[in-house]
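As structure tokens, the structure follows; a few thoughts come after it.
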Amino acid sequence: SPLVGHRVDRHDLESADRRTCAATGLPPGSTLSAMLRAVEIRITGKVQGVFFRASCAEYARHLGVRGWVRNEPDGSVRAHIEGGWTSVEEMLAWCRLGPRRAEVTDVEVTKVPPIEADGFVVDRSTDH
């Protein structure tokens, strides 16, 4: 299964959640998980031909985030991810590692408006 391999440490995310709550004055654990966040990311490195998209979609569905992932003609992978703050952070952490055979060199993250995606899909429109 693509989920076997790199896993995200929830303790690190919970620590980040607590630090952000402290910095913003929000009650610990009460709102960050529920806050909607949407990002578009570009992942570079050895990320095509290593089951990145399928693994990404599987992990996204596991976390309950919505959006899409696709290969780009330049060899990168692009994705739109939206959902609760903590789930999106966990997805971003996974994308920085990718599946076992991937060699991620960079992940560019851009905040974008939510598109109200229905589920998470592999966009094959750029496949040849």
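The values are calculated or read from the model by the stated rules, or taken from the named source; none is laboratory data. Note that the coordinates shown come from a computational prediction; the quantities given were computed from them, not determined experimentally. Please note: Cβ atoms are built from the backbone with ideal geometry, for glycine as well, and neighbour counts cover all protein chains shown. These accessible areas exclude ligands, DNA and RNA; they are computed on the full protein's heavy atoms, side chains included. Shrake-Rupley method; radii C 1.70, N 1.55, O 1.52, S 1.80 Å.
For the stretch 111-122, which residues satisfy the criterion of being out of contact with any Lys or Arg (no Cβ under 8 Å at 6 or more places or on another chain) and surrounded by 13 or more Cβ atoms within 10 Å (Cβ to Cβ)?
Val112, Pro114, Ile115, Val121
In the stretch 83-105, which residue that is assigned to a strand (DSSP E or B) and modelled with pLDDT of 90 or more is surrounded by the most Cβ atoms within 10 Å (Cβ to Cβ)?
Step by step, filter the stretch 83-105, then rank; the result is Gly83.
(1) in a helix (DSSP H, G or I); (2) touching a Lys or Arg at 6+ places or on another chain (Cβ under 9 Å); (3) more than 22 Å from Met35 (Cβ to Cβ): which one isn't true of Ala57, the others all being true?
Exception for Ala57: condition (2).
Of the numbered conditions (1) open to solvent by less than 30 Å² (accessible area, probe 1.4 Å); (2) part of a strand (DSSP E or B), Glu108 fails exactly one; give the number of that condition.
(1)
Take the residues in the stretch 36-91 that are of a type in the set (Ser, Thr, Tyr) and touching a residue at least 40 places away in the same chain (Cβ under 8 Å); name whichever of them is farthest from Glu103 (Cα to Cα).
Thr86
Could you count how many residues in the stretch 59-97 are within 21 Å of Asp118 (Cβ to Cβ) and acidic (Asp, Glu)?
So the count comes out to 2.
Take Leu13 and tell me if it is under 19 Å from Phe120 (Cα atoms), modelled with pLDDT under 90 and under 17 Å from the mean Cα position of the chain (by Cα).
No, not satisfied.
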